[in-house]
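Report on the structure given below.
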Amino acid sequence: MRYLLTIVSCLILFTLSAQDTLHNKLPDSLTMKLLNEVTVYASRIPERILQSPVSVEKVNEGYFNKSAAPSFFDALENVKGVQMITPSLGFRILNTRGFANTTNVRFAQLVDGMDVQSPHISSPIGSSLGPGDLDIENVEILPGVASALYGMNTINGLVNISTKNPFTTPGFSCMQKTGVTHAGDANSDPKIFSETSFRFAHVIDDRLAFKINATYTKGYDWIVNNYADQNPDANTSTNLTGADNPGADPVNSYGNESSDRKTISLGGKNYVVARTGYLERELVDYSLQNIKADAGIYYKFHNQNTVSYSFHFALLDNIYQRANRFRLQNYFLQQQAIQYQSKSLQAKIYFNNENSGKSYNLRSMGENIDRGYKQDTDWYKDYTTGFNTAVQGGALVAAAHHLARTFADAGRYEPGTAAFNQALEKLQNINNWDYGAALRVKASFVQAEAQWNLSENFLNALKTKAGVEVLAGFDHRTYIVFPDGNYFINPVKGKENDNIHYSKTGGFLSVTKTLLNSKAKIGAILRGDKNDYFPVLFNPRFTAVYSPAYNHNFRVAFQSGYRYPVIFEAYSNVNSGGVKRVGGLPVMSSGIFENAWLQSSITVFQSAVLTDINQNGLSKNAAIEKNKTLLRKNPYTYLQPEHVNSFEVGYKGVMLKRRLFVDLDFYFNNYRSFIAQANMNVPNTTKTDSIPYYLYNKTNQSAYRMWTNSKTVVHNYGISAGLTYRFFHGYTARGNVTYSKLKKSINEDGLEDGFNTPEWMTNISLGNENIYKNFGAGATFRWQSKYLCQSFLVTANVPAYATVDAQISYTLRKVNMRIKTGASNLFNHYYYSIAGGPSIGGFYYVTLIYGLK
C-alpha cells in the first residue's frame, strides 16, 4: 500500500506544479470530443457516453499509445472495474464484478459485435481470435449484467473490440515487437518474445474496399511452480506430514491426485499412499505460438448501407487451465461472417469453428505415463515389498516410506529420456483419459441475429414528436459438437455417432423516452429466450438517466439475467483420472444424482475410519459401523439456468473547466442457482447395509463430478470510481479504484463458484504522446489486494501484488513511424494472478510501428 500512497502523492505534486497552465481552456475540438464521446453497446444504439443508462468504459488508440502495456488487450487490465487473470502468457481472461475463473462463461468477448469464443470452451482463448493492435479502433466494456440486450453468457458483462473501417482508414501499416521475459526466473533462462503484424486496407472505388491483417507471435510461456501439498492431512493419524507424507498431492504436479492414491496396510497400520507423478514443467513444452489472420471485403450501396464478408483464423500453441491444465497444441479456430448495416437495420450471420489439434490434458499425461511403465496393482505391491524390506533392515517408518517409493519407482520413465518422450508422444494421440491424454474436440456454432431501429422508419414521428425510440432484436444460436467418445458423447440411443445440437433462440424489445426537455431519459427492455431443454425465460431492464446540466449525468438501473448451461456444463462426459465429469442435463446424468453420496462426506468418513483403525485399535468393520453416520446423501439434482438480479446507480460528469472526467458506479447483485460442480460417488451396490463398506473401498464405488446448481443465495456488491484529468499540454492522468465484496446469505452449501476477486483494485497512470519534440511517455501503477481463489484445480490465497509499467516513445512523423520501448512489471517482482497459475515476471519490449494514421 505504501507504493500506492507514493504514486498518489507524486500525481498531486505534479498537478499542483502544473497549475500555471490550468487557467487556459482546453482546445474547443477536444472539449467537444470529450463531451460528445459516443457509446454504441450500452443500448445497442449510438448515444452520448455521459448519458449511458448503465456503466460503460471506452478506450481508444490514444489510451493505448499512452499506456505502457505491451498490447492493446493487456492495457484493458488498467480500465476501471476490470480484473484480468493470467493462466498463460497467451491466454489472459477479462472479467468484471466478481466470480472470475479461467473459463469465464459469464463474460462475453465480441469483435465488431460478434462473439469470438471457442465453442466447446464457451469463452475466448484470450485474444487469440481477436484483431491485432494495428486494426483496433476502440474498445467498449460493459461491467455487469447485459443479458437483456445480449442474452446468454453476459451476466458479468461484455467487451466489444471495434476494428477499423477500410473506407476511412486505408493504407499499409506494420509492427514489430521484440521483448525479453523470464529475467531472474529460477526455473528458466531469459527468453525472447517476438510479435510481427501488418495491416493493409485499400479502397478500390467509392463503393468497394477490403482489408487484410496478420499477426505472428512466438515466445515462451510463464511457468507454474506451486508445489504446496493439497492433501497434507492424509497421514496425520500416523504422524507422517510435510515431506514425509506418502499421500502428498503438490498443486503443479500431476499423477498423484485423489484417483492416483489408495489406502494400504503396512506393518499393522493403514497409510494413504499416492503415485509419484510428474511436475508440470516435465510434461509440457512451454513454447508459445499464435498465428492469426483476417480478411474482409466491404461493399457500400448508394444509400450508404454496407454489406461485408470477413474471415478470421488462428492456429495456436498455448496453455489452458480449467479443473486441469492443458497443453493446447495446433489448436485451430476460425470465424466467418456476413454483415449488413443500414441506419435502421443491422443483420449478421457468423460461424465459429474449432479443432483442438494435438492438445492434451497434463494430469492424464502424468498419471498415465506413470501407469504406462507400471500399473497401480504392481506398483503398490512393489511399494509394500520395499517398505517391509526397509523396516526389516532397521529403517524408521518415515524413512521406510521413502525407500519404498524408490523401490517401487524402479524403471520409471525419467523426464528427458527417449523412453519418456516416446510415452508422452504416444499418450498425446490416445483419446481416452483412462489410459491416454489427448484432447480431441471438434465443435462449432452458427449465430444469426438482427436488430431494427423502428424509430428510423415506421415510428419516426413518435421519435420526433414524443421523444420515444423503439428498437427490436432477434438472435438464434446452434452449437454443433462432434461426439469424440471421450470428452463428448451423444447420449441418444441409436444416434451415438451423430453430432450433438444445442440451440437457443431469443429476442428483445427496447423502448426509451426523453422527458423534461431532454434532461431525463427512461428506458425499458424485455427479452425472452428459449433453450432446447428449458422453458421461455424473460430478462427485463429498467433504466433512468437525469442530466440537470449537459456535463452532469445521474443514472439508475435494474436488470435481470439468466444464463443457460454452456456446452461442457450440459453435455460433457469426461473420465478424468477415475473421476467421471458428467453434464447436468437429464439426458446425460439420469440416475446418478438419485443414487450418489457427497464425496466430501466420504472423505471425512474414510479419515475417521482410518483414525479408529490406527489409533484406537478398532477392526475395519467396527470402525465403519461406528462412523457410517458421517456419510451424507447427495442433495443436488439436474441443471437449471443460473439467475441474477442487479441494481446499479452511477454518475458521469465533467468539471474543473471540463478537464476532469468523473465516473462513479455502485452495484448490488443477487445470484440464485449458481451453475457449479459437485463431487459425488455412487456405490456399486443398492443394499443399504452394504453401502458404507462400499464407500470405504475406493474400488467399490464410481466417482463423479456433476454439473448442478448451488442452493446458496449469494449477494455481492461493489463500487468503482474513476478520474481522468487532462492537462493543457497533452498530459492525461488517470486513476481508478474498485471495491468488490461477497456476501453469502441463506442456504450456504459451499458449492457456488468461487468469488475469485480481490476486494480492492487500483490503477494510477500518467501519460503524454508528445512531451517534447515527438517524445512521449507513460507509466502505470497497479495494486490489488489478496484474495481467496477457489477452483477444482486448487483452493488457495492469491497474495496481494503491485506492478509498475513504464514506456517511452519517439515518433518520426516524416516517415510515419513510432518507436516504443517499455516494460510491464518493470521491477520484475514475480506474482500470481490465480491459484495454480504461473508465476508472472517482467516483460521488457521494444516496438517499432510503421504507417501511423
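Where a ≥ b ≥ c are the square roots of the eigenvalues of the C-alpha gyration tensor, would you call segment 463-505 rounded, which needs a/c under 1.5, or, failing that, prolate if a/b is larger than b/c, or oblate?
Here segment 463-505 falls in the prolate category.
Of the residues 608, 641, 557, the one whose Cα sits farthest toward the positive end of the charge dipole of segment 557-654, with +1 on the Cβ of Lys and Arg and -1 on the Cβ of Asp and Glu, is 608. The helix-based estimate of mean residue ellipticity at 222 nm for the chain, built from -39,500 (n - 2.57) per DSSP H run of four or more residues and divided by its residue count, is -4500 deg cm²/dmol to the nearest 500. Loop-located chymotrypsin sites (Phe, Trp or Tyr not before Pro) in segment 668-716 (DSSP state other than H, G, I, E, B) with a sparse environment of at most 15 neighbouring Cβ atoms within 10 Å are absent.
Just want to confirm a number: the relative contact order over segment 87-242, from Cα pairs under 8 angstrom separated by 6+ residues, in percent. Intermediate results must be reported in sequence, preceding the final value.
Values: 275 pairs, mean separation 29.1, N = 156.
Result for segment 87-242 is 19 percent.
If you roll a 1.4 angstrom probe over the protein chains with everything in place, what fraction of the accessible area of segment 581-716 belongs to carbon and sulfur, to the nearest %?
Values: 3090 of 5680 Å².
Here carbon and sulfur together make up 54 percent of the probe-accessible area.
Here is what passes the span test in the chain: the DSSP H helices with alpha carbon length of 15 Å or more along the helix axis and a Kyte-Doolittle mean of 1.6 or above are 2-17. Treating r as the C-beta distance of residue 821 and residue 297 and R0 as 41 Å, the FRET efficiency rounds to 0.65.
Calculated accessible area for segment 729-853 comes out at 44 Å² per residue, all protein chains present (probe 1.4 Å; ligands, DNA, RNA ignored).
Do you know the relative contact order of the chain, to the nearest whole percent, from alpha carbon pairs under 8 angstrom that are 6+ apart? Contact order relative to length: 13 percent.
Give me the lysines in straight-line cross-link reach of residue 657: C-alpha distance below 20 Å, same-chain residues under 8 apart excluded. Partners within reach: 25, 33. Normalising the average separation of contacting C-alpha pairs (under 8 angstrom, six or more residues apart) by the number of residues puts the relative contact order of segment 44-96 at 20 percent. Label reach from residue 338 (point 7 Å along Cα→C-beta): in segment 295-315, amide nitrogens under 12 Å belong to 307-310.
Rounded to whole numbers, the Karplus 3J(HN,Hα) couplings from phi for segment 543-555 are 9, 8, 10, 10, 10, x, 9, 4, 8, 10, 9, 10, 9 Hz, using 6.51 cos²θ - 1.76 cosθ + 1.60 with θ = phi - 60°, and x at Gly and Pro.
Placing a pseudo-label 7 Å from each Cα along the Cα-to-Cβ vector at residue 395 and residue 536 gives an inter-label distance of 7.1 nm.
Calculated FRET efficiency, residue 600 and residue 739, Cβ-Cβ r, R0 22 Å, to nearest 0.05? It comes to 0.10. For residue 834, the amide hydrogen comes within under 5 Å of the amide hydrogens of 86, counting only partners 5 or more places away or on other chains and with H modelled in the peptide plane. Using θ = phi - 60° in the Karplus curve 6.51 cos²θ - 1.76 cosθ + 1.60, the 3J(HN,Hα) couplings for segment 672-682 round to 10, 6, 3, 7, 8, 10, 10, 8, 8, 10, 10 Hz; x is entered for Gly and Pro. Considering only 55, 120, 70, the residue lying farthest towards the positive end of the dipole of segment 25-171 is 55, judged by Cα position with unit charges set on Cβ. Label-to-label distance for residue 176 and residue 244 is 6.0 nm, based on points extended 7 Å past Cα in the beta-carbon direction. Within the shell of other residues whose beta carbon sits under 13 angstrom from the beta carbon of residue 682, the net charge comes to +3, with Lys and Arg scored +1 and Asp and Glu -1. Projecting the Cα atoms of 796, 85, 110 onto the charge dipole of the chain (Cβ charges, centred on the Cα centre) puts 110 farthest toward the positive pole. Along segment 638-646 the Karplus relation, 6.51 cos²θ - 1.76 cosθ + 1.60 evaluated at θ = phi - 60°, assigns HN-Hα couplings of 5, 4, 10, x, 7, 9, 9, 10, 9 Hz to successive residues, with x for each Gly and Pro. Sparse packing (at most 14 other Cβ atoms within 10 Å of the Cβ) combined with a DSSP loop state is found for the following chymotrypsin sites (Phe, Trp or Tyr not before Pro) in segment 387-442: 435. Ignoring lysines fewer than eight residues from residue 211 along the same chain, the ones with Cα atoms less than 20 angstrom from its Cα are 164, 292, 300, 348, 853.
Between residue 448 and residue 632, the simple spin-label model (points 7 angstrom out along Cα→Cβ) gives 4.8 nm. Return the subset of 177/773; 262/620; 521/741; 80/786; 381/620; 463/504 for which the Cα-Cα distance in this structure is over 25 Å, preserving the input order. Going by Cα-Cα distance, 521/741; 463/504 fall outside the 25 Å limit. Counting only protein heavy atoms and a 1.4 Å probe, tell me what percentage of segment 84-130's accessible area is made up of carbon and sulfur. Heavy-atom surface of segment 84-130 belonging to carbon and sulfur, 1.4 Å probe: 49 percent. Sparsely packed loop sites in segment 446-550 (the chymotrypsin sites (Phe, Trp or Tyr not before Pro) outside DSSP H, G, I, E and B with at most 15 other Cβ atoms within 10 Å) comprise 458, 550. Summed over the residues of segment 26-182 and divided among them, the accessible surface reaches 21 Å² per residue at a probe radius of 1.4 Å. With a cut-off of 11 Å between beta carbons, the residues surrounding residue 119 carry a summed charge of 0, where Lys and Arg count +1 and Asp and Glu -1. Summary of the geometry: segment 439-482 and segment 194-232, compared by the centres of their Cα atoms, lie 29 Å apart.
On the beta carbon distance between residue 702 and residue 509, with R0 = 45 Å, the FRET formula returns roughly 0.40.
The values are calculated or read from the model by the stated rules, or taken from the named source; none is laboratory data. Note that this is a predicted model, so its numbers are computed, not measured. Every residue, glycine among them, receives a Cβ derived from its backbone with ideal geometry; neighbour counts consider all protein chains shown. Accessible surface areas use protein heavy atoms only, side chains included; no ligands, DNA or RNA. Shrake-Rupley method; radii C 1.70, N 1.55, O 1.52, S 1.80 Å.
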